[in-house]
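Reading through the structure tokens given below for one structure.
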Amino acid sequence: MKRTVFFISDGTGITAEAIGHSLLSQFDGIEIEMITRPYINSIAHAQAVVLQIDQAAEKDGLPPLIFETIVDHAVSQTLKMSQGFFLNVFSTFLGALETELKVKATGHVGKSHAISNNYVDRIEAVNFALDNDDGARTQFYDHADIILVGVSRSGKTPSSLYMAMQYGIRAANYPITEEDLEYTKLPAPLKDYKNKLFGLTIDVDRLVEIRNERRANSRYASYAQCQFEIKETEALFQREHIPFVNSTRQSVEEIAAKIMATQNIQRRF
């Protein structure tokens with residue numbers, strides 16, 4: 001079953017994404033297309049998003065799931081004219097908090113950003129993870145707190161982004177390719193950063209399944225190729241004394257916790 005999910009916010013959308021991802025991770029067997037629409041802070045912006053939601057509903061034959069953190073009532077009501085199933089992250093909790101605290105919520109747009117002085121650090125960490133994803137910009141590895149290494153589709157990107165978003169960790173990641181495995185030593189871009197490396201591996205059957213979703217019936221997704229890459233990459237980790245963890249049956253939260261504990265990395269906020 002496929003569902004389109006919108007994360008809609010009058011700010012950056014990080015709050016809606018973080019809560020939405022956490023909730024959706026509890027459901028298996030659902031194919032999800034995720035769309036983020038930040039800075040929806042006017043009726044005109046909301047009307048444009050309504051069209052997009054309705055188009056997705058028509059395409060899927062089901063109402064898209066909408067996680068939104070819109071404070072402005074008029075903007076929120078405009079969005080609800082669409083064919084979406086809405087979950088307003090703020091309204092779910094604000095009423096109960098107002099009752100308990102006996103104080104009325106201010107309703108200020110973007111107020112959540114003032115809660116933490118580390119908001120800029122979070123954004124910079126996320127941008128670093130995105131800019132240094134999949135072996136890009138290796139010249140900036142000296143700025144990384146951690147560099148995740150492993151075969152393609154072993155969970156490096158979601159782990160990097162989770163650590164960036166939740167802890168402000170500057171995480172890069174580098175894919176070990178078949179070409180890298182022709183040699184018995186670390187790829188050149190990594191050799192000067194051995195103390196920052198942490199490996200991810202994965203069960204062969206699971207890797208075959210994931211790769212077939214991307215490139216069905218290809219050599220890249222074949223059992224033999226996946227088995228070869230995993231075996232040789234794990235051997236590389238062992239030769240170079242690089243700590244690693246199997247991501248197959250662990251959540252991204254568990255993976256991040258093990259990485260930070262093993263490497264003695266402290267969260268920035």
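The values are calculated or read from the model by the stated rules, or taken from the named source; none is laboratory data. For clarity, every value in this text was computed on a predicted model and none was experimentally measured. We place every Cβ from the backbone using ideal geometry, glycine too, and count neighbours over all the protein chains shown. With ligands, DNA and RNA removed, areas are computed over all heavy atoms of the protein, side chains included. Shrake-Rupley method; radii C 1.70, N 1.55, O 1.52, S 1.80 Å.
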message: Applying a 10 Å radius around every beta-carbon, put 154-166, 194-206 in order of their mean neighbour count, most first.
response: 154-166, 194-206
- line: Between the residues ILE259, TYR223, THR248, the Cα farthest towards the positive end of the dipole of the stretch 190-269, that dipole coming from +1 and -1 charges on the beta-carbon of Lys, Arg, Asp and Glu, is from ILE259
Mean shadow area of the stretch 146-244, taken as a quarter of the surface of its Cα convex hull (nm²): 6.3 nm²
statement: For the stretch 114-186, averaging the sequence separation of alpha carbon pairs under 8 Å that lie six or more residues apart and dividing by its residue count, the contact order in percent is 39 percent
message: Charges at C-beta only: +1 for Lys and Arg, -1 for Asp and Glu. How large is the resulting dipole of the chain about its Cα centre, in Debye rounded to 20?
response: 340 debye
query: Does a label point 7 Å from the Cα of ASP72, set along Cα-to-beta-carbon, have any residues of the stretch 33-56 with amide nitrogen under 13 Å, and which are they?
result: 39-49
- line: In degrees, nearest 10, the alpha-carbon axis of helix 14-24 is tilted away from the dominant principal axis of the alpha carbons of the chain by 70 degrees
field: Zone residues, the stretch 164-182, relative to ARG267, backbone N less than 13 Å from point 7 Å out along Cα-to-Cβ
entry: 164-169
- request: Starting from the Cα of LYS2, step 7 Å toward the Cβ, then list every residue of the stretch 202-232 with an amide N under 16 Å from that point.
  value: 213-216
field: Additional length obtainable on full extension of the chain from ARG137 to LYS185, 0.36 nm per residue less Cα span
entry: 15.2 nm
task: Please give the helix 89-101 orientation as an angle from the longest Cα principal axis of the chain, in degrees from 0 to 90, rounded to the nearest 10.
output: 60 degrees
message: Using helices alone, I'd like the mean residue ellipticity at 222 nm for the chain: each DSSP H run of four-plus residues gives -39500 (n - 2.57), total over residue count, nearest 500.
response: -13500 deg cm²/dmol
query: So for the stretch 6-87, what are the equivalent ellipsoid semi-axes in whole Å, largest first, each being the square root of 5 times an eigenvalue of the Cα gyration tensor?
result: 20, 16, 9
field: Cβ-derived FRET efficiency at R0 45 Å, LEU23 paired with TYR220, nearest 0.05
entry: 0.90
- prompt: Considering amide H positions built from the backbone, and no H for Pro or chain starts, which residues 5 or more places from ASN246, or on another chain, come under 5 Å of its amide H?
  reply: THR201
- request: Across the chain, how many lysine pairs, 8 or more positions apart or on different chains, have C-alpha atoms separated by under 30 Å? Please give the number.
  value: 25
query: Within the chain, what's the longest stretch lacking GluC sites (Glu not before Pro) that sit in DSSP loops with no more than 15 other Cβ atoms inside 10 Å?
result: 1-177
query: What angle, in degrees between 0 and 90 and rounded to the nearest 10, separates the Cα long axis of helix 223-240 from the longest principal axis of the Cα atoms of the chain?
result: 80 degrees
query: In whole percent, how big is the carbon plus sulfur part of the accessible area of the stretch 1-72, probe 1.4 Å, protein atoms only?
result: 55 percent
- request: Please work out the average accessible area per residue across the chain, using the 1.4 Å probe convention, and give it in Å².
  value: 55 Å²
task: Using label points projected 7 Å from each Cα along Cα→Cβ, tell me how many nm separate ILE35 and LYS258, to one decimal.
output: 3.7 nm
